[in-house]
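Beneath this line is the structure, given in structure tokens, with notes to follow.
Nothing in this text is a laboratory measurement; each read-out follows from the coordinates by a stated rule. This structure is a prediction, so every number in the text was calculated from the model and none was measured. So basically every Cβ, Gly included, is an ideal-geometry build from the backbone, and we count neighbours across all protein chains shown.
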Amino acid sequence: MGWNSWNKFAGKVDDSAVRNIADAMVSSGMKQAGYVYVNIDDTWEGPRDAQGNITSNLKFPDMKALADYVHAKGLKIGIYSSPGPKTCAGYEGSYGHEEQDAKTFAAWGIDYLKYDWCSASRIYKNEEMRAVYQKMGDALKKPGRPMVYSLCQYGIDDVWKWGATVGGNLWRTTGDISDNWRSLERIGFRQFDIAQFGAPGHWNDPDMLEIGNGGMSADEYRTHMSLWALLAAPLLAGNDLREMSDETKSILTNAEVIAVDQDADGKPVKRISDSAASEVVAVRPLRAGSFAVGLFNRGEPTQGDQCEVGLTRHHGKGLARARSLET
């Protein structure tokens, strides 16, 4: 759980914005709700020095000092790179410098690396992808600083089948999400068939949250959060935490929804409705005999008074039901 800069800031992210987001994560209640990582995406990179060490650009004058600031808030900090020579935005990648970059990241105090395929496609074949990601996975272990390893290669080569073996803690299962219902629906409801490949420490990642960025309705954003929770997906907010509406905050910090997402057993969700039906019914077993049940109406006509996701628990004399996730 955390935040990533790309969806809202893209190339405009800088040191000041990251510090402000860290402040807002604490003051807004996001930290208390469980959000921990403050992740810098692409465009932080500067040139390499004479020894080949990666440097940050003028937007980030002192990455170690920034990491120290985030850590002082009780949070963790993430960074971004690519196995290719250039990142998606054309900045310096880690190609040929994997161990060197891993050492630099550790020295800065980085806790999380998002590793984006990007220009690697120009020098590697898809069948070489596992070995390429293994290379950085091995490099991250050498400095002795634990880092979350996020594989961002858009689900190529069924990454959910091998991501954990190369050291991945999460792996993107899809292309980039956009802040609209069509994108959310296309990505989110295609995740059920691979849910069984997620497990504690190693998760399917259907991409970052768009909640609060303005392209969808409140109901659609609730669906976003509810569906990601049922999928046990990483919850990486992508909005400006400094300017959240009360409605956005209530969706992102809903304790019962988060509890479903973060259930310690990490058991997979299963779609139990017909795959061709517009009404989706999905069930995820939780710890201590509970179940999260998702009801989603993807059709145009209204089906009943409301759709919602709830928790059910066996008590011997039937079911007690607590409303918790709304769609």
Charge-dipole axis of the range 2-261 as Lys and Arg at +1 and Asp and Glu at -1 on Cβ define it, positive-most pick from Tyr112, Ala89, Ala139
Ala139
How far apart, in nm, are two points set 7 Å out from the Cα along the Cα-to-Cβ line at Ala199 and at Ala255?
3.2
Would you list which aspartates and glutamates come within 19 Å of Lys31, measuring only between C-alpha atoms, while excluding same-chain residues fewer than 8 positions from it?
Asp23, Asp68, Asp111, Glu210, Asp240, Glu243, Asp246, Glu247, Glu256, Asp261, Asp263
Excluding residues on the same chain fewer than 8 positions from Lys267, give the lysines whose Cα lies under 20 Å from its Cα.
Lys161
With unit charges on the beta carbons (Lys and Arg positive, Asp and Glu negative) and the dipole taken about the Cα centre of the chain, which residue among Gly201, Ile77, Ser278 sits farthest to the positive side?
Gly201
Determine the shape class of the range 249-296: with a ≥ b ≥ c the square roots of the Cα gyration tensor eigenvalues, call it rounded for a/c under 1.5, and otherwise prolate if a/b is greater than b/c, oblate otherwise.
oblate
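How long is the gain from Glu243 to Asp23 if the chain were fully straight, where each residue apart is worth 0.36 nm and the alpha carbon distance is subtracted?
Details: separation 220, 0.36 × 220 = 79.20 nm, distance 1.22 nm.
Taking Glu243 through Asp23 to full extension adds about 78.0 nm, to one decimal.
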Could the peptides 198-207, 256-265 be put in order, highest first, of the mean number of other beta-carbon atoms found within 10 Å of their residues?
198-207, 256-265
What are the principal axis extents of the Cα atoms in the range 93-132, in Å, biggest first?
32, 17, 16
What shape does the range 19-142 have by the C-alpha gyration tensor, where a ≥ b ≥ c are the square roots of the eigenvalues, rounded means a/c under 1.5, and otherwise prolate means a/b greater than b/c and oblate the rest?
prolate
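All other residues with a Cβ under 14 Å from the Cβ of Tyr95 taken together, and with Lys, Arg as +1 and Asp, Glu as -1, what is their net charge? Provide the component values of the computation, followed by the final result.
Details: positive: Arg48, Lys86, Arg122, Lys135; negative: Glu45, Glu92, Glu98, Glu99, Asp101, Asp116, Glu128.
So the environment of Tyr95 carries a net charge of -3.
Report the charge-dipole magnitude of the chain in Debye, nearest 20, computed about the Cα centre from +1 at each Lys and Arg Cβ and -1 at each Asp and Glu Cβ.
Details: 37 positive and 43 negative charges, 171 e Å.
Roughly 820 debye, rounded to the nearest 20.
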When a/c is below 1.5 the answer is rounded, else prolate if a/b is larger than b/c, else oblate, so apply that to the range 2-261 with a ≥ b ≥ c taken from the square roots of the Cα gyration tensor eigenvalues.
oblate
Spin-label model distance (nm) - Ser178 vs Leu58, 7 Å beyond Cα toward Cβ:
3.3
Convex hull volume of the range 17-79 per residue (C-alpha atoms, cubic angstrom)
79
Calculate the dipole size of the range 216-260 relative to its Cα centre from +1 charges on Lys and Arg beta carbons and -1 charges on Asp and Glu beta carbons; express the result in debye to the nearest 20.
160
For every helix of n ≥ 4 consecutive DSSP H residues, a contribution of -39,500 (n - 2.57) applies; sum these over the chain, divide by its total residues, and give [θ] at 222 nm rounded to the nearest 500 deg cm²/dmol.
-8000 deg cm²/dmol
Please give the Cα centre distance for the range 128-156 versus the range 202-216, rounded to the nearest Å.
22
Over 19 Å between Cα atoms: which of Lys8/Lys59; Lys103/Lys125; Lys76/Lys103 fall into that group?
Lys103/Lys125
